[in-house]
1. Can you tally the net charge around residue 44? Count Lys and Arg as +1, Asp and Glu as -1, for every other residue whose Cβ sits under 14 Å from the Cβ of residue 44.
2. Through the Karplus equation 6.51 cos²θ - 1.76 cosθ + 1.60, θ set to phi - 60°, convert the phi angles of the range 50-62 into ³J(HN,Hα) values in whole Hz; use x for Gly and Pro.
3. If you wrap a convex hull around the C-alpha atoms of the range 43-148 and split its volume per residue, what is the figure in Å³?
4. Normalising by the residue count of the range 26-106, find the relative contact order in percent from Cα pairs under 8 Å and 6+ residues apart.
5. So what's the net charge close to residue 133: Lys and Arg +1, Asp and Glu -1, counting the other residues with Cβ under 15 Å from its Cβ?
6. Report ³J(HN,Hα) in whole Hz for each residue of the range 126-140, in order, from the Karplus equation J = 6.51 cos²θ - 1.76 cosθ + 1.60 where θ = phi - 60°; Gly and Pro get x.
7. Taking amide H positions as placed in the peptide plane 1.01 Å from N, state which residues far from residue 104 in sequence (5 or more) or on other chains have amide H under 5 Å from it.
8. Stretched out fully, how many nm does the piece from residue 133 to residue 117 gain, at 0.36 nm a residue minus the Cα gap?
Amino acid sequence: MVTSTFRRARPSANSGSSHLIGWLGNDTQAASVLATAQLHIKIRTAVSAALPAAMRGAFDVIKIESNILTLTVSSAAFAAKFRQLAPRVTTHIQSLGWNMTEIKLRVHGGMGLPPASKPPREARILDQQDLRSFEDLNQQLRPGPLADAVARLLRHHQASNDTAIKQASTHGEKPVAHPPEKNK
């Protein structure tokens, strides 16, 4: 039987931090990557603040080079809208202390916008007063698509009451209640 003991590595006193980012700061190459990532995050936050809320998740910073900010965007439509807002975004970035004079865009279709949240469905069950109102309406309507739709609505909601509404076939004829048909 083989037994081994594992000791959990503890950060040394000279590492500066027990956090991973603090550890990355000790390596020269990792520190450079970390500084670039932090700069991109700061600029992305600044650009997001100048955009409408619906556009904030549809871009990323690619590179920053000689006063030119290059962004990747999710679609050509987003790029067109962003070009309209570019002067405002550039002014906002400059007001925060970055000397960016130009913003270039690259369209990358795979990014996509975050999924739009659908509003909650607002539906309620029709009560007897509602159904009576629809029955009155159905009796006053001339034959046609609207009368058929109201009759379908009544059939659907009155199926639980063991009655169904027959569609009026002529103008003077009134709907007749029949027992629901049973599926065989």
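1. Result for the neighbourhood of residue 44: +2.
2. Listing the rounded values in order: 8, 9, x, 4, 5, 9, 5, x, 9, 8, 9, 7, 9 Hz.
3. That works out to 184 Å³ per residue.
4. 29
5. -2
6. Once rounded to whole Hz, the list reads 6, 8, 4, 4, 4, 5, 4, 4, 5, 5, 4, 4, 4, 6, 8.
7. 69, 70, 71
8. 2.3 nm
We did not get these values from a lab; they are worked out from the coordinates using the rules stated. Predicted model, so just to flag it, every value in this text is computed and none were measured. Backbone-built Cβ (ideal geometry, glycine too); neighbour counts: all protein chains shown.
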